[in-house]
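The values are calculated or read from the model by the stated rules, or taken from the named source; none is laboratory data. The model shown is predicted, which means the values in this text are computed figures rather than measured ones. For the accessible areas, the whole protein counts, side chains as well, though only heavy atoms, and no ligand, DNA or RNA atoms are used. Shrake-Rupley method; radii C 1.70, N 1.55, O 1.52, S 1.80 Å.
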Amino acid sequence: MDKERIIKARHDVMMQVEAEFQEELIPALITEVGENKETDVLRVIFDEMGFDNEDGATGEFFFAPLGSEEDTVAHFVSSITIADDISGDHLGELYAAMAGLNCYLPCGSFGVTRGGSILLYKLVIPLPVELTGEALKNQVDICMGNAVAVCDQYADLLLKVLAGEMDREGMFEALGL
């Protein structure tokens, strides 16, 4: 594995995606993380995620750091924060709603961070380590597009459950399940 070539190819793809968001006037910015700055994180603000979410959502998109030289599979991560300060009397109902909803999703899952304060949607896809160029860009576009579409479709329902405006069964009824 030529690690430098792969990191550069990933960086080039992330720069293209950042430019596409900015052309659409969607706030997007790449930051570098990791001790060797091998991982670019693209942060995107979605002002219109869902129908009732006035706060919008924040997406973070990145390639997981490369593993050993022998690895043949890498991962691209799409993580969208729907609410960043969740609390209240309805967390148990939210957890039950997420667990049930996750069984019906075509990809990814909704969850709450370990500290229990952030509601998010996450989709991780495996990719061949050596994938570069247009083929890599296409896979990134598919992953990001699916993450945004699924999150946009269901975020409002989960926020209503969190607010106590709907219970788990009401959510399933609204979905026709």
Checklist entry - Looking at segment 78-87, is at least one residue at pLDDT 95 or above, part of a helix (DSSP H, G or I), under 30 Å from Val17 (Cα atoms) and not hydrophobic (A, V, I, L, M, F, W, C)? => result no
Checklist outcome for this item: Screening Gly92, Gly100, Gly59 for residues that are assigned to a strand (DSSP E or B) and either hydroxyl-bearing (Ser, Thr, Tyr) or at pLDDT 85 or above (or both) leaves only Gly59
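Listed here are the residues, each with its yes/no results for (1) open to solvent by 60 Å² or more (accessible area, probe 1.4 Å); (2) of a type in the set (Gly, Ala, Ser).
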{"residue": "Leu105", "(1), (2)": "no, no"}
{"residue": "Gly111", "(1), (2)": "no, yes"}
{"residue": "Gly116", "(1), (2)": "no, yes"}
{"residue": "Leu127", "(1), (2)": "no, no"}
{"residue": "Glu130", "(1), (2)": "yes, no"}
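For segment 103-137, how many residues meet the condition of being assigned to a helix (DSSP H, G or I) and on the phi > 0 side of the Ramachandran plot?
1
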